[in-house]
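Enquirer: Please read through the structure below; I'll follow up with questions.
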Amino acid sequence: MARCGFDIQALLDAGAETPLYSVFENKYLKLPGFVDVHVHLREPGFSYKETIRTGTRSAAAGGFTAVCCMPNLDPVTDSVERLEKLEELISADAVVKVYPYASITMGEQGEELTDFAALKGRAVAFSDDGRGVQSEAVMRRAMELAAKENVIIAAHCEDNSLLGGGYIREGEYARAHGHKGIPAECEWRQLERDLRLARETGAKYHVCHISCKRSVELVREAKAAGADVTCETAPHYLVLDESDLQEDGRFKMNPPLGTAEDRQALLEGIKDGTIDMIATDHAPHSAEEKSRGLAGSLMGVVGLETAFPVLFTELVAKGVISLNRLVELMSVNPSRRFGIPVEGGSVWDVSVERKINPEKFLTLGRATPFAGRTVVATCRCTYINGRTAWKRTEK
């Protein structure tokens, strides 16, 4: 490992009137536990991709003390009975706190609503993640019910009528390499609908993984109009754009990487508070499923172990945002919105550079667009309520 090339204390002091962290020995950061409201632990049903054990160990290695797992499992967590079975697995195998979602609709089929009243209090929120709810009438009923039960709807916004067989973002790279593109409108058009419904129903609404300029604008406008809305983006949308694409499945995710203009709009969104939090959308697949290039690979990349190192290096160390702001985005804001206590924290060495090596990941997934990237942040340990959840043994 090489020494980093910046004044750590001066960097960390910038913009921190009341630091949400502490520094010691001018090389270590002590941070509150991160809260990721969007992960895929894949169990039950897809344990060859990830298990609760491997996924939560990966989370701990990335400084996360709490994660929210999405319901697109087999079976989908769309009933109390299925949620109870998932809770048993979590109790047996999780090394960090896990808060499961319930689906908005039965089987995530976009038709019959789940029993919000029975599931609230056990599910952290309701989402059909991986699928946009196509019917406006169904989404309206879901939001009316969510408002009545005082629960959060977390939406994956994707208008299937605009997909057109695409699998990366419509733009220069897709045209130059003969790929089918997905227009940004596929995301923002459904978001526009949902924000209108949220205002009309008074529902608590959370937007998953926004990736384009127009989505940022729509959320900003909705907040100004008084809607009870929050949103997240993911590290890859803040650091990468279509110019970084390679003919490799590790660059394929949903929504896809956007333009440089989209990325700049997202950066402005995290600066001005339009974007409330950063979530990884950690979505592991097998090596074979990610080996078929951009056209044939499944969508999804891993992110729990790379999120803070990449964001600290690319945003904090380069003066884009303060460390306080990053902690707000990764810990304070998701905790506040989803009612998840921040328990424990992590210790990071930010004095040396290293390269991201997926072969050393604790997750079963290896597909990351950040493979080989140099970062300045290495997690030394993560603890929850006095218990060590994970500790690095190698130097």
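Enquirer: For segment 208-258, just run the numbers: alpha carbon Rg, then divide by 2.2 N^0.38 Å, N being how many residues it has.
Expert: 1.34
Enquirer: If you don't mind, there's one more thing I want to ask. When only DSSP loop residues count, what GluC sites (Glu not before Pro) in segment 70-113 have their Cβ near at most 14 other Cβ atoms within 10 Å?
Expert: Listed in order of number, the matching sites are E111, E112.
Enquirer: Another one. Taking loop as defined by DSSP and a crowding limit of 13 other beta carbons within 10 Å, which trypsin sites (Lys or Arg not before Pro) in segment 303-378 fit?
Expert: K318
Enquirer: How far is the Cα center of segment 133-193 from the Cα center of segment 45-120, in Å?
Expert: Centre-to-centre distance over Cα atoms comes out at 22 Å.
Enquirer: Could you tell me whether segment 307-395 comes out rounded, prolate or oblate from its Cα gyration tensor? Rule is a ≥ b ≥ c as square roots of the eigenvalues, rounded for a/c under 1.5, then prolate if a/b exceeds b/c, otherwise oblate.
Expert: Cα axes put segment 307-395 in the oblate bin.
Enquirer: Can you return the lysines within cross-link range of K204? Criterion is Cα-Cα under 19 Å, with same-chain partners fewer than 8 residues away left out.
Expert: K120, K148, K223
Enquirer: If I compute Cα extents along the principal axes in Å from the structure I just sent, which labelled value in [x] 57, 50, 44; [y] 85, 41, 39; [z] 62, 52, 38 lines up?
Expert: The value computed from this structure is option [x].
Enquirer: Any chance you could get the radius of gyration and Dmax over the Cα atoms of segment 255-384, in Å?
Expert: 15.6, 42
Enquirer: Based on DSSP H runs of at least 4 residues, each adding -39500 (n - 2.57), what is the mean residue ellipticity at 222 nm of the chain after dividing by all its residues, to the nearest 500 deg cm²/dmol?
Expert: Helix contribution divided over all residues of the chain: -8500 deg cm²/dmol.
Enquirer: Once phi is turned into ³J(HN,Hα) by the Karplus curve 6.51 cos²θ - 1.76 cosθ + 1.60 with θ = phi - 60°, what whole-Hz value does each residue of segment 367-380 show in order, with x for glycine and proline?
Expert: My calculation for segment 367-380 gives 7, 9, x, 9, 4, x, 6, 7, 10, 10, 4, 10, 6, 9 Hz in order.
Enquirer: Starting from the Cα-Cα distance between R122 and V320, subtract it from 0.36 nm times their residue separation and give me the gain in nm to one decimal.
Expert: 67.5 nm
Enquirer: Full extension from R392 to Q134: what is 0.36 nm times the residue separation minus their Cα-Cα distance, to one decimal in nm?
Expert: Once the chain is fully extended between R392 and Q134, it gains 88.4 nm.
Enquirer: Let me check against my output: what whole-number percent is the relative contact order of the chain, with C-alpha pairs under 8 Å and at least 6 apart?
Expert: Relative contact order, the chain: 21 percent.
Enquirer: Let me ask something additional. Figure the gain on full extension for E88 and E247 (residue separation times 0.36 nm, minus the Cα-Cα span) and round it to one decimal in nm.
Expert: Computed gain between E88 and E247 is 53.2 nm.
Enquirer: Rounded to the nearest whole Å³, what is the per residue volume of the convex hull around the Cα atoms of segment 11-145?
Expert: 154 Å³
Enquirer: Report the GluC sites (Glu not before Pro) located in segment 247-319 that are in a DSSP loop and have at most 11 other Cβ atoms inside 10 Å of their Cβ, or state none.
Expert: Hits after loop and neighbour filter: E247, E288.
Every number here is computed from the coordinates shown, using simple stated rules; none is lab data. Here the structure is a predicted model, which is why all the values come from computation and not from measurement. No Cβ is skipped: glycine too gets one built from the backbone with ideal geometry, and neighbour counts run over all protein chains shown.
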